[in-house]
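The values are calculated or read from the model by the stated rules, or taken from the named source; none is laboratory data. None of the values given here were measured: they were computed from a predicted structure. We place every Cβ from the backbone using ideal geometry, glycine too, and count neighbours over all the protein chains shown. Ligands, DNA and RNA are stripped out before the accessible areas are found, and what is left, the full protein with its side chains, is counted by its heavy atoms. Shrake-Rupley method; radii C 1.70, N 1.55, O 1.52, S 1.80 Å.
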Amino acid sequence: MKWIGKEALERKEEISTADVLEALDFASEQVSAGLRDFTRVFPMAYSENGFYRGMENVDWTTGFWTGEIWLSYEHTQSPGLREAGEMQIDSFLDRIRKERDVETHDLGFLYTLSCVAGYKLTGNENGRKGALLAADKLITRFHEKGNFIQAWGRLGAPGHYRLIIDCLLNLPLLYWASLETGNESYAEVARKHTKTTLDHVVRPDHSTWHTFFFDPDTGKADHGATCQGYRDGSAWARGQAWGIYGTAIGYRYTEEESYISVFKEVTDYFLRHLPSDLVPFWDLEFGDGDLQPKDSSSASIAACGMLEMAKYLGEKERDYYIGMAKKILKSLADGYRVKAPGESNGLVLHSTYCNSSPFNTCRHRGVDECNLWGDYFYMEALTRLAKNWNPYW
């Protein structure tokens, strides 16, 4: 196994502004073409043989597709994209009102990129209603014993009394709800969950646990484990990327100075464990020479986190993290993105949803495919580089 060295990383080329805009143009065209199949229904979480199939508005991933629609609308101002986005807002409002597949911490992924985004961009009142109902539902998963939002499963059940690192990206829904309503209780839950997460999921070497368990009787920290990483103790690439972006978001909303050093540490670990093309394998334990699948989605998530945190740093550090993000985007745009409609109806190839191993508990699916969050975060990173973007998060 081999990871890229510091000098080789520094020599990598950055994506140009012209290439960013060209990639955004194609992505927006691809999304617009996708509305033929995915306006009243949604793409599945991952493609099969490069192409997404349709499904109803269930699962934790459908909001990423609506987020792609809103990013494409911002780039093109196409009335058809706005109409599709607002139709999907209605679907999300109906889903939360009927409480259809909403017993999850992933309400932030679902409602920030659909309803909050649409409300910010167009003033759509159904977006506001749906997002506030989702925020109300999300805080019901908060446990005072332990100060965290439970990820999955029956609330309070011993086998499910845990958080996962992904939830850092669900918290902007709560911060938004506090700003929108003046009710500080939403943001208080988000602050407590962020602190609990960063206190426990970041290991001494600055790699991260995917999931962390607490004692349901006392709330005391129990142990870390993985569900989707290669093994307990390895660094699941997407989890490390969630840590990068989630810490940046945590700093934006709290201005907690210690989060800056956490961000630098988890980001440095990620960058030091990249292969030569800067797109990680599905677990950072693997490098060049290992016969393992890549996870291009992790690269896009990490790039977004670097671009977010760069806004709050001094000039030298800001330029460094923007440069790293541009180098990663250069590799994605050159070697991983879809370049012709006949190749796929997604945007970025070679992502991994769940790669099973003898040491994890996930179900094998969506390996070496497009996935919705990989497509979304790729578009978000391009958008951040193309203009002074007002985040949906």
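Here are a few things to note about the model shown:
- Meets criteria (crowded, with 24+ Cβ neighbours inside 10 Å and in contact with a helix residue (DSSP H, G or I) (Cβ under 9 Å, 6 or more places away or on another chain)) for Asn147: no
- Selection of first residues in the stretch 363-382 that are under 15 Å from Ser344 (Cβ atoms) and of second residues that are modelled with pLDDT under 95 and in a strand (DSSP E or B), restricted to Cβ pairs under 8 Å at least 6 apart or on distinct chains, gives an empty result.
- Remark: pairs (first residue in the stretch 27-47, basic (Lys, Arg); second residue open to solvent by less than 30 Å² (accessible area, probe 1.4 Å); Cβ separation under 9 Å; 6+ apart in sequence or on different chains) = Arg40/Gln88.
- Test: residue in the stretch 40-50 that is basic (Lys, Arg), at pLDDT 95 or above and surrounded by fewer than 13 Cβ atoms within 10 Å (Cβ to Cβ): no
- Matching residues, the stretch 187-213, being closer than 23 Å to Ser296 by Cα and either of a type in the set (A, V, I, L, M) or open to solvent by 70 Å² or more (accessible area, probe 1.4 Å) (or both): Val201, Val202
- Test: Glu14 is of a type in the set (Asp, Glu), open to solvent by 40 Å² or more (accessible area, probe 1.4 Å) and part of a helix (DSSP H, G or I): no
- Leu21 meets each of the listed conditions (1) closer than 28 Å to Arg365 by Cβ; (2) touching a residue at least 40 places away in the same chain (Cβ under 8 Å); (3) not basic (Lys, Arg) apart from (1).
- Selection status of Ala340, outside any strand (DSSP E or B), among the aliphatic types (A, V, I, L, M) and within 16 Å of the chain's Cα centre (by Cα): no
- Qualifying residue in the stretch 214-234 (condition: among the aliphatic types (A, V, I, L, M), under 30 Å from Arg365 (Cβ atoms) and surrounded by 19 or more Cβ atoms within 10 Å (Cβ to Cβ)): no
- Test: residue in the stretch 21-32 that is assigned to a loop (DSSP other than H, G, I, E, B) and open to solvent by 80 Å² or more (accessible area, probe 1.4 Å): no
- From the list Lys316, Lys311, Lys330, the one residue that fits, being open to solvent by 30 Å² or more (accessible area, probe 1.4 Å), out of contact with any helix residue (DSSP H, G or I) (no Cβ under 7 Å at 6 or more places or on another chain) and closer than 22 Å to Thr112 by Cα, is Lys311.
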